[in-house]
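The values are calculated or read from the model by the stated rules, or taken from the named source; none is laboratory data. Because the structure is a prediction, the values reported are computed rather than measured. Because the Cβ atoms are built from the backbone with ideal geometry, glycine has one as well, and the counts that use them run over all protein chains shown. Accessible surface areas use protein heavy atoms only, side chains included; no ligands, DNA or RNA. Shrake-Rupley method; radii C 1.70, N 1.55, O 1.52, S 1.80 Å.
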Amino acid sequence: APHSPPRVAQPCQCMIAGMNVEEGRSSLSSILGSVDMQALSALASRLARELAVGLDIISVRMLLSPPGSRAQPWHLDFAKNFSDVVTIFVAVTPSSAPNCTEVLEMGNDAERIRVLARTSKGPLRLSSSECNAKIAPLLLDQSKVCRIRTSHAFHRRRANTSNYVRVTFNVDVARSAEAPNFKDLDLERALLGNRVCGQDIVDELAEQDVTLELCDQPLLVSA
């Protein structure tokens, strides 16, 4: 974990490892300071073994959301390549109501909306009433770990209205045999510089994710 809060102006991700990407001699990220990438990769492997048996790591990254970050689109991770993706989140800093990841709950409509979104040629556009959508905040104390089936649960980075940078260690796992030629494009691009993907890359979800656009604001699920 970073020894002090990183200073970033926009949401970004420090890329650590990814499927089918040659790492070469890329420099380490100055955003995270002195960080042992091998140690983080080893931690990712241990988390995957313990929390996602039978799945393979396809991407490892550190997510950074500074104050003032705007919300991402709702999306399913890597859904254009894999049918089943699990993401393991580790809260490096607390994930609180003003800055957390949000999950969209759709009750009995969830499977129908997933199918529609996966078969749509672009972002699926709906009102929240059409899919019975409600927002559930993913609240985590520092160092807490959770896993989400992010290929099935629409989720997003919410707008950060807190006074600190939220930092989350993120491990994505899937069955690599399902898409043996899949490539972690974010890592590939990040290696052209200092391993960091800026907001222009991390919020460009059309290449590998499936997105949902709601024309109104869903209700917040009470804690």
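Tell me the residue from Leu192, Leu139 that is out of contact with any strand residue (DSSP E or B) (no Cβ under 8 Å at 6 or more places or on another chain), of a type in the set (A, V, I, L, M, F, W, C) and open to solvent by 40 Å² or more (accessible area, probe 1.4 Å), please.
Leu192
Considering (1) open to solvent by less than 40 Å² (accessible area, probe 1.4 Å); (2) farther than 23 Å from Ile57 by Cα; (3) not aliphatic (A, V, I, L, M), say which one Thr119 fails and leave the rest.
Failing condition for Thr119: (1).
Yes or no, residue by residue, for (1) more than 13 Å from Asp209 (Cβ to Cβ); (2) within 18 Å of the chain's Cα centre (by Cα); (3) of a type in the set (A, V, I, L, M):
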position	(1), (2), (3)
Phe78	no, yes, no
Thr87	no, yes, no
Val92	yes, yes, yes
Glu102	yes, yes, no
Arg112	yes, no, no
Leu116	yes, no, yes
Ser120	no, no, no
Ala136	yes, yes, yes
Arg156	no, yes, no
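In the range 75-94, is there at least one residue being surrounded by fewer than 19 Cβ atoms within 10 Å (Cβ to Cβ), under 18 Å from Ala52 (Cβ atoms) and either touching a helix residue (DSSP H, G or I) at 6+ places or on another chain (Cβ under 7 Å) or not basic (Lys, Arg) (or both)?
Scanning the range 75-94 turns up at least one residue that is surrounded by fewer than 19 Cβ atoms within 10 Å (Cβ to Cβ), under 18 Å from Ala52 (Cβ atoms) and either touching a helix residue (DSSP H, G or I) at 6+ places or on another chain (Cβ under 7 Å) or not basic (Lys, Arg) (or both).
Exactly one condition in (1) touching a strand residue (DSSP E or B) at 6+ places or on another chain (Cβ under 6 Å); (2) at pLDDT below 95; (3) open to solvent by 10 Å² or more (accessible area, probe 1.4 Å); (4) of a type in the set (A, V, I, L, M, F, W, C) is not met by Met15; state its number.
Status for Met15: all satisfied but (3).
If you check Phe169, Phe182, Phe154, which single one turns out to be in contact with a Leu (Cβ under 6 Å, 6 or more places away or on another chain) and at pLDDT 95 or above?
Numbers: Phe169 fails: in contact with a Leu (Cβ under 6 Å, 6 or more places away or on another chain); Phe182 fails: in contact with a Leu (Cβ under 6 Å, 6 or more places away or on another chain).
Criteria check complete, one pass: Phe154.
Can you tell me which of Asp216, Asp172, Asp186 is acidic (Asp, Glu) and either free of Cβ contacts under 8 Å to residues at least 60 places away in the same chain or loosely packed, with under 14 Cβ neighbours inside 10 Å (or both)?
Numbers: Asp172 fails: either free of Cβ contacts under 8 Å to residues at least 60 places away in the same chain or loosely packed, with under 14 Cβ neighbours inside 10 Å (or both); Asp186 fails: either free of Cβ contacts under 8 Å to residues at least 60 places away in the same chain or loosely packed, with under 14 Cβ neighbours inside 10 Å (or both).
Exactly one of Asp216, Asp172, Asp186 is acidic (Asp, Glu) and either free of Cβ contacts under 8 Å to residues at least 60 places away in the same chain or loosely packed, with under 14 Cβ neighbours inside 10 Å (or both), namely Asp216.
Looking at the range 53-76 only, could you name the residues that are of a type in the set (Gly, Ala, Ser) and over 14 Å from the mean Cα position of the chain (by Cα)?
Gly54, Gly68, Ser69, listed by residue number.
Consider Leu205 against the criteria (1) of a type outside the set (D, E, K, R); (2) at pLDDT 95 or above; (3) in a loop (DSSP other than H, G, I, E, B); (4) buried (at least 16 other Cβ atoms within 10 Å of the Cβ): it satisfies all of them except one. Which criterion is unmet?
(2)
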